[in-house]
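Asker: Below are the structure tokens for one structure; questions will follow.
The values are calculated or read from the model by the stated rules, or taken from the named source; none is laboratory data. Note that the structure is predicted; figures quoted are calculated from it, not measured. Positions of Cβ are generated from backbone atoms using ideal geometry, with glycine treated the same way; all protein chains shown enter the neighbour counts. Only protein heavy atoms, including side chains, enter the accessible area calculation; ligands, DNA and RNA are left aside. Shrake-Rupley method; radii C 1.70, N 1.55, O 1.52, S 1.80 Å.
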Amino acid sequence: MSAVAKTERKAPRLIGIRELVLLAIIIALLSFFIFSGREKTIWAIVFEFSIFAIITLSLNLETGFTGIPQFGRVAAVITGAFAVGALPGRLMAYIIGEPWGAEYANAVFNYRIVPVINELLASNIFYSIGFLLLCLFTAAVFGAAIGWLISRPAIRLKEAYLGISLLAFGDFFMWVGHNWNIMVGGSTPINVPDPFRIFGGDRFMAAVLVLFFIAIVIYIYLERLTKSPFGRNLKMIRDNEVSASAAGLDVVKVRTRSLVIGSAIAAMGGGLYVIYTGSIGAIGFQKLTFTFWPWAYMMLGGIGSNFGVLMGVMLLVILKTMIIVFRYDWFAFMVNVGIDPMWLEFTLMGAVIVLVILFVPHGLVPEKVEPVLPEERVKRVLAKRQLEKTSEPVS
Amino acid sequence: MAPWMASGLIYASGLALTAGSITLLYITTRTFNFAVASMATWGFMLAYTGVSLYGGTPYVYLPLVFIAGSLLGLIAYYGLNRHLLRRNAAEITLMMSTLGYDLILLSIVQMFADYLTLTYKLYPRRVMLSAHDFQLFGERAAAFILPVIAIGLLVALHIFLTKTKFGIAMRATIENPVLAGASGINPDRVYMISWVISGGMSAIGGAAMAMAITGTPVMGMNTIPLMFAGAILGGLHSLYGGILGGFMIGLTEYAGVFYLSREIGPWIQGYRMGIPLILMAATLLLFPRGLAGIPWAKLFGNLFSRKRGDN
């Protein structure tokens with residue numbers, strides 16, 4: 001009883017001191033860019049933040065909440081990217097009567113077809129919105145399918161075996177895309193129709209704002225999902241599988257659902273990345289960028305904490321961009337001894353992972369222990385139970 | 001020798017060494033060592049630097065490569081792994097910590113490559129280390145020397161683990177760390193030695209692998225899934241299984257690509273990574289604990305029955 005009372009008293013504040021300090025740091029770092037006259041960099045930061053927030057949040061659902069060592073995040077991201085690169089454009093080409101078979105992925109045809117589609121999309125705002133939604137839908141469907149496929153061995157294999165197998169298959173997916181020419185052009189990147197063309201000169205800003213909006217929507221969705229009964233099931237399985245199945249949970253089913261939802265979201269991230277950049281080249285989807293960096297973001301932010309993940313992504317993206325922008329000013333001394341400071345971002349990422357594990361193992365915003373229901377509702381439920389007990393005398 | 005065999009054997013011995021080093025570290029410290037990727041790259045890079053600055057064959061530099069790999073392992077142990085093991089960290093945390101170390105090593109190896117280019121006018125971003133090899137019986141010498149080195153290291157390790165006092169202490173720690181600690185074995189030293197051996201093995205493995213494939217600063221990063229595949233195929237619980245798994249992964253890839261591209265068409269070249277992965281997946285589906293989990297004794301009747309009594 002005392003444990004219940006303790007959790008009741010500690011009602012979770014929406015935003016604590018920790019979060020405020022982090023937000024202040026982020027705003028300070030961002031204003032540093034403004035004062036040094038690089039406002040445009042902020043758009044790039046927000047773009048990268050949105051994409052990686054989506055991917056890292058999905059990783060957090062699978063790893064942080066369900067306990068699956070998802071070292072193959074890149075597989076779902078690639079699936080979404082390939083789906084968006086290959087299918088909606090083909091559909092548009094079919095509708096307007098251009099070649100849509102294997103020729104579509106041929107750079108010679110592709111560079112001619114895609115501008116035609118773009119003109120059509122730019123002619124009507126509803127076409128653009130419809131195309132964007134179609135892309136998201138395609139990515140999510142294919143991502144969910146791949147998540148289901150991954151979940152089949154995921155049930156048989158144990159922790160480490162699973163993580164490594166996922167890693168290997170993520171790499172294999174990239175090589176398939178790189179070599180299978182008729183899907184997305186193989187080693188020559190092809191263009192993807194651009195639903196943001198309608199904004200003309202403001203295209204990139206509009207795209208970044210839309211991406212940011214989608215990332216926030218996904219954050220709210222995941223926040224609600226992980227606080228729902230389903231989210232509590234996930235945590236229960238993560239914390240103790242045996243007791244979860246003893247309590248009557250179908251572990252396999254819950255895990256499968258988590259993998260399917262997570263992969264669908266990650267695929268949407270990959271699809272949005274392709275739409276924003278306007279072209280797809282399979283070799284760009286390396287495990288370093290789309291598996292290991294999301295892991296670093298998640299570990300910095302706090303495994304199992306959605307808000308923490310957002311903070312982690314933002315902080316690291318800003319730091320990474322700072323190194324990329326200023327490395328030749330700040331680290332000029334390295335050039336003198338014959339070393340290019342180009343690789344410092346890898347050092348940063350590695351050092352962040354190591355330092356976080358050694359000194360803040362639970363991340364910047366650790367997962368909170370939360371009562372299942374708000375205090376008033378717990379009291380109400382208890383009162384109701386009491387009432388039922390007294391009104392129904394034991395026969 | 002069939003045409004694929006020479007390269008296949010060289011590549012497979014590299015994979016066997018790295019897979020063996022992953023397995024050794026896993027059975028002693030529960031750590032999945034991602035840093036094997038960059039340790040292997042460092043091994044290749046040092047062999048390349050030695051060969052191009054001071055001449056000779058790459059084999060001359062293998063002892064140096066081993067020592068450098070051991071040093072990297074020592075740094076990893078004292079800087080990182082030791083604290084986490086004391087904290088009794090989860091397997092995933094141990095794995096992620098080595099990933100961070102790997103990224104740091106990767107960036108340093110890239111800087112080193114730049115340094116070589118700018119200072120000595122060397123181009124370590126596309127290296128055929130086999131150009132420095134010599135011919136033996138009409139084949140590249142590496143096809144004979146490297147498998148011998150891989151198997152020799154395995155035999156040496158076997159003797160070390162079964163005949164020396166420290167090796168037996170090490171096996172005791174692997175079997176039951178608590179009991180071994182209670183009987184006066186210092187687990188700290190066991191972990192340290194296994195990091196040293198495994199670091200050296202992975203560095204030599206990287207140098208060996210670069211004799212078959214193009215050496216680049218991201219060579220280790222690109223081949224790490226296959227190294228892990230070898231270790232997993234071997235079952236992760238037996239050192240011999242790990243080395244056998246590495247050999248099998250490497251040889252299957254080369255043999256598979258050779259015969260399939262003759263039968264189906266050369267396009268299969270692009271999917272070469274899929275062949276060992278299919279082998280791994282099939283083995284895992286049949287025997288979820290890998291090669292070491294196959295009931296060999298049951299398969300071969302009483303051939304091994306005498307040995308089984310020892311366990």
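Asker: Just checking, how many residues over the stretch A:76-90 are in contact with a helix residue (DSSP H, G or I) (Cβ under 6 Å, 6 or more places away or on another chain), modelled with pLDDT under 90 and open to solvent by less than 10 Å² (accessible area, probe 1.4 Å)?
Answerer: Looking only at that region, the number is 3.
Asker: Same structure, new question: On the basis of being surrounded by 13 or more Cβ atoms within 10 Å (Cβ to Cβ) and at pLDDT below 90, does A:ARG203 make the cut? Quick ask: steps written out before the conclusion?
Answerer: Numbers: surrounded by 13 or more Cβ atoms within 10 Å (Cβ to Cβ): yes; at pLDDT below 90: yes.
Yes: the conditions hold for A:ARG203.
Table: residues versus (1) away from every other protein chain (no Cβ under 14 Å); (2) within 30 Å of A:LEU234 (Cβ to Cβ).
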{"site": "A:ASN179", "(1), (2)": "no, no"}
{"site": "A:MET183", "(1), (2)": "no, no"}
{"site": "A:SER187", "(1), (2)": "no, no"}
{"site": "A:ILE190", "(1), (2)": "yes, no"}
{"site": "A:ASP194", "(1), (2)": "yes, no"}
{"site": "A:GLY200", "(1), (2)": "yes, no"}
{"site": "A:MET205", "(1), (2)": "yes, no"}
{"site": "A:LEU211", "(1), (2)": "yes, yes"}
{"site": "A:ILE216", "(1), (2)": "yes, yes"}
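Asker: Mind listing just one residue for me: the one in the stretch A:259-287 that is open to solvent by 30 Å² or more (accessible area, probe 1.4 Å) and within 25 Å of B:GLY100 (Cα to Cα) and, of those, farthest from the other protein chains (Cβ to nearest Cβ)?
Answerer: The residue in question is A:GLY284.
Asker: Quick one: count up the residues across the stretch B:98-152 that are among the polar types (S, T, N, Q) and either within 16 Å of B:GLY220 (Cβ to Cβ) or in contact (Cβ under 8 Å) with a residue 12 or more places away in the chain (or both).
Answerer: So the count comes out to 4.
Asker: So, one more: Which of the residues spanning the stretch B:42-95 are among the charged types (D, E, K, R) and part of a helix (DSSP H, G or I)? Outline the logic, then answer.
Answerer: Step one: filter the stretch B:42-95 for residues among the charged types (D, E, K, R), giving B:82, B:86-87, B:91.
B:ARG82, B:ARG86, B:GLU91, listed by residue number.
Asker: Suppose the filter is of a type in the set (Asp, Glu) and open to solvent by less than 10 Å² (accessible area, probe 1.4 Å); does B:ASP102 pass it?
Answerer: Details: of a type in the set (Asp, Glu): yes; open to solvent by less than 10 Å² (accessible area, probe 1.4 Å): yes.
Spelling it out, B:ASP102 is indeed of a type in the set (Asp, Glu) and open to solvent by less than 10 Å² (accessible area, probe 1.4 Å).
Asker: Enumerate the helices (runs of 4 or more DSSP H) found wholly within the stretch A:319-395, keeping only those where 2 or more residues are open to solvent by 40 Å² or more (accessible area, probe 1.4 Å), within 14 Å of chain B (Cβ to nearest Cβ) and in contact with a Phe, Trp or Tyr (Cβ under 6 Å, 6 or more places away or on another chain). Give the derivation first.
Answerer: Details: elements: A:332-336, A:344-359, A:375-391.
Answer list for the stretch A:319-395: none.
Asker: Any idea which residue in the stretch B:1-41 is modelled with the lowest pLDDT, counting only those that are in a loop (DSSP other than H, G, I, E, B) and surrounded by fewer than 24 Cβ atoms within 10 Å (Cβ to Cβ)?
Answerer: Quick first cut of the stretch B:1-41, residues in a loop (DSSP other than H, G, I, E, B) only: B:1-2, B:30-35.
From the residues that got through so far, the ones that are surrounded by fewer than 24 Cβ atoms within 10 Å (Cβ to Cβ) too are B:1-2, B:30.
On the way: B:MET1: 64, B:ALA2: 71, B:ARG30: 84.
Once the filter is applied, the top-ranked residue is B:MET1.
Asker: Report, by residue number, each residue of the stretch B:59-80 that is β-branched (Val, Ile, Thr) and open to solvent by less than 30 Å² (accessible area, probe 1.4 Å). Can you show your working first?
Answerer: First pass over the stretch B:59-80, keeping only residues β-branched (Val, Ile, Thr): B:60, B:65, B:67, B:75.
If the condition is that a residue be β-branched (Val, Ile, Thr) and open to solvent by less than 30 Å² (accessible area, probe 1.4 Å), then B:VAL65 is the only one that fits.
Asker: Determine whether the stretch B:230-247 contains at least one residue that is of a type in the set (A, V, I, L, M, F, W, C), farther than 22 Å from B:PHE32 by Cα, more than 9 Å from every other protein chain (Cβ to nearest Cβ) and out of contact with any Pro (no Cβ under 9 Å at 6 or more places or on another chain). Reasoning before the result, please.
Answerer: Start the filter on the stretch B:230-247 by keeping residues that are of a type in the set (A, V, I, L, M, F, W, C), which leaves B:231-233, B:236, B:239, B:243-244, B:247.
Now drop any that are not farther than 22 Å from B:PHE32 by Cα, which leaves none.
No, every residue in the stretch B:230-247 fails to be of a type in the set (A, V, I, L, M, F, W, C), farther than 22 Å from B:PHE32 by Cα, more than 9 Å from every other protein chain (Cβ to nearest Cβ) and out of contact with any Pro (no Cβ under 9 Å at 6 or more places or on another chain).
Asker: Just give me the residues in the stretch B:276-288 being open to solvent by 30 Å² or more (accessible area, probe 1.4 Å) and either assigned to a helix (DSSP H, G or I) or more than 9 Å from every other protein chain (Cβ to nearest Cβ) (or both), in sequence order. Even if it seems obvious, please write down each step before you answer.
Answerer: From the stretch B:276-288, those open to solvent by 30 Å² or more (accessible area, probe 1.4 Å) are B:278-279, B:281-282, B:285-288; that's our starting set.
Those that are open to solvent by 30 Å² or more (accessible area, probe 1.4 Å) and either assigned to a helix (DSSP H, G or I) or more than 9 Å from every other protein chain (Cβ to nearest Cβ) (or both): B:ILE278, B:LEU279, B:ALA281, B:ALA282, B:LEU285, B:LEU286, B:PHE287.
Asker: Criterion first (within 14 Å of chain A (Cβ to nearest Cβ), more than 26 Å from B:LEU9 (Cβ to Cβ) and surrounded by 22 or more Cβ atoms within 10 Å (Cβ to Cβ)) does B:ALA89 satisfy it? Reasoning before the result, please.
Answerer: Values: within 14 Å of chain A (Cβ to nearest Cβ): yes; more than 26 Å from B:LEU9 (Cβ to Cβ): yes; surrounded by 22 or more Cβ atoms within 10 Å (Cβ to Cβ): no.
Answer is no for this residue.
Asker: Let me ask you something else. Quick check on the stretch A:156-174. Is at least one of its residues basic (Lys, Arg), at the interface with another protein chain (Cβ under 10 Å from one of its Cβ atoms) and either part of a helix (DSSP H, G or I) or open to solvent by 70 Å² or more (accessible area, probe 1.4 Å) (or both)?
Answerer: Just the residues of the stretch A:156-174 that are basic (Lys, Arg), to begin with: A:156, A:158.
If we keep only those that are at the interface with another protein chain (Cβ under 10 Å from one of its Cβ atoms) too, we end up with A:156, A:158.
Next cut, either part of a helix (DSSP H, G or I) or open to solvent by 70 Å² or more (accessible area, probe 1.4 Å) (or both) only: A:156, A:158.
The answer is yes, given that some residue of the stretch A:156-174 is basic (Lys, Arg), at the interface with another protein chain (Cβ under 10 Å from one of its Cβ atoms) and either part of a helix (DSSP H, G or I) or open to solvent by 70 Å² or more (accessible area, probe 1.4 Å) (or both).
Asker: Considering only the stretch B:248-275, state which residues are within 12 Å of chain A (Cβ to nearest Cβ) and among the basic types (Lys, Arg). Working first, answer last.
Answerer: Looking only at the stretch B:248-275, we keep the residues that are within 12 Å of chain A (Cβ to nearest Cβ), and these are B:249, B:266-275.
Scanning the stretch B:248-275 gives a single hit, B:ARG272.
Asker: Can you tell me which of A:VAL141, A:VAL108 is open to solvent by 10 Å² or more (accessible area, probe 1.4 Å), in contact with a helix residue (DSSP H, G or I) (Cβ under 8 Å, 6 or more places away or on another chain) and on the phi < 0 side of the Ramachandran plot?
Answerer: A:VAL141
Asker: Identify all residues within the stretch B:48-74 that are of a type in the set (A, V, I, L, M, F, W, C) and without any contact (Cβ under 8 Å) to a residue 12 or more places away in the chain; write none if there are none. Spell out the reasoning first.
Answerer: Kept after step one, since they are of a type in the set (A, V, I, L, M, F, W, C), are these residues of the stretch B:48-74: B:51, B:53, B:60, B:62, B:64-68, B:71-72, B:74.
Passing the criteria: only B:VAL60.
Asker: I'd like to check something: does the stretch A:147-154 contain any residue that is open to solvent by less than 10 Å² (accessible area, probe 1.4 Å), within 11 Å of chain B (Cβ to nearest Cβ) and closer than 27 Å to A:SER58 by Cα?
Answerer: no
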